[in-house]
Amino acid sequence: MPEQSSSAARTAPGDVRTVACIGAGVIGGGWVAHFLARGYDVVAWDPAPDAEERLRALVDAAWPALQRLGLAEGASADRLRVAATLAEAVAGADFVQESAPERLDLKRDLLAEIDEAAPAGVVVGSSTSGYSMTEMQVKAARPERLVVGHPFNPPYLVPLVEVVGGDSTEDWAVSWAAEFYRVAGKEVIEMDRELPGFIGNRIQEAAWREALHMVANGEATVEQIDRSMTAGMGLRWAFFGPCLTFHLAGGEGGMAHMLDHFGPSLKSPWTRLEAPELTRELRDAMVAGTDEVVAGRSTAELIEQRDRRMIAVMRALAEVEAEEAAQAAREGGRG
Ligand SMILES: NC(=O)c1ccc[n+]([C@@H]2O[C@H](COP(=O)([O-])OP(=O)(O)OC[C@H]3O[C@@H](n4cnc5c(N)ncnc54)[C@H](O)[C@@H]3O)[C@@H](O)[C@H]2O)c1
């Protein structure tokens, strides 16, 4: 079985010491900062002539925030090494994170090159925003250890990573990567199947395209669109997702009542995105899925939790805004 043969020499996710980051721009640099803050040794490689300077500046800029969040024991920005070649960067790595530009031909060649140079059994994660691993792994000799590990910007602050393999990825590599990211402090969604844009980007993209339509048609301004999110649903989405939020819109009747009551509005022109047919199966799947997320909490409990969290988010934002205003006043006073 490939599972057993390839697991023999593999480092356990909890024993990883050295992470290689290939490509060190906005996202690769963010990964470097994250792994350093979690106490790993990090080796980076990026072909741009000014890459090391940009990378060290990014890590320095992120470090105060990471200190405020709390560093792992022994974590230090000095544990970053920039390698002269890709082969040197991955040679001693227990895990490789690829964050090169989003071009399919480049990713195909680069992943094949990383695969050739990385020690056997080492899992390689790609930060791609939208390509499937199936289309990226075609040139690699050992595609079974290549997975997508899709982060959100900045990777050193946003916890979510979406993990999914391609047709030639073996299950052990997906589970290994998911476990490693968890140990490394990330929140993981392990996807069962490939989906263009994964999950988070599809939700974000739906809102983004509707925003572009509204601006193109003169229906709303950029400022109005952004404020509808930051003063509206954005506050709720920080802690209850869109499904749990709508569960509460159904009152005591929850998701079932919400769908039965507002189902017909799926036919209203409230968005350019066409709604799926609200079949009995879809309704029941939404209700069952929401029940799982609710996990026995009563509507009253959920409302109490929502209100507490919303107040916490609003207070935290007010505190940051007050600090910024005080700082601006101090700087204005000096000028
Ligand atoms: N920016 C985002 O918000 C975001 C979010 C999630 C995922 N991603 C994904 O992360 C990846 C990197 O995006 P980014 O925003 O950091 O781009 P970027 O342009 O900031 O960084 C890309 C880096 O890759 C380097 N590079 C160029 N050719 C290379 C090669 N052959 N091998 C290795 N490195 C190479 C460049 O010098 C640059 O430093 C992309 O796949 C992107 O889709 C981006």
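The values are calculated or read from the model by the stated rules, or taken from the named source; none is laboratory data. Everything numeric in this text was worked out from a predicted model, so none of it was measured. Note that we place each Cβ from the backbone using ideal geometry, even for glycine, and neighbour counts take in every protein chain shown.
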Exercise for the section: Take region 25-69 and flag every residue that is within 13 Å of the ligand (Cβ to nearest atom), small (Gly, Ala, Ser) and in a helix (DSSP H, G or I). Expected result: GLY28, GLY29, GLY30, ALA33, ALA51, ALA57
Problem - Residue check, TRP208 over 23 Å from GLY30 (Cα atoms), assigned by TED's automatic domain parsing to the domain that holds ARG108 and either aromatic (Phe, Trp, Tyr) or not in a helix (DSSP H, G or I) (or both) - result: no
Problem - Those residues of region 86-105 which are over 22 Å from the mean Cα position of the chain (by Cα) and closer than 16 Å to VAL138 by Cβ, in sequence order - result: ASP105
Exercise for the section: Look at region 105-133 and say how many of its residues are away from the ligand (no atom under 12 Å from the Cβ) and in a loop (DSSP other than H, G, I, E, B). Expected result: 6
Exercise for the section: Report whether or not ILE225 is of a type in the set (A, V, I, L, M) and within 30 Å of ALA33 (Cα to Cα). Expected result: no
Practice task
Mind counting the residues in region 138-172 that are of a type in the set (Gly, Ala, Ser), within 16 Å of the ligand (Cβ to nearest atom) and farther than 17 Å from PRO119 by Cβ?
Solution key: 2
Handout entry: Pair list, Cβ under 8 Å, 6 or more apart: region 109-126 residue on the phi > 0 side of the Ramachandran plot, other residue surrounded by fewer than 17 Cβ atoms within 10 Å (Cβ to Cβ)
Key = GLY121/SER7; GLY121/ALA8; GLY121/ALA9
Handout entry: Subset tally (residues that are within 11 Å of the ligand (Cβ to nearest atom) and either over 22 Å from SER168 (Cβ atoms) or at pLDDT below 95 (or both)) for region 86-104
Key = 2
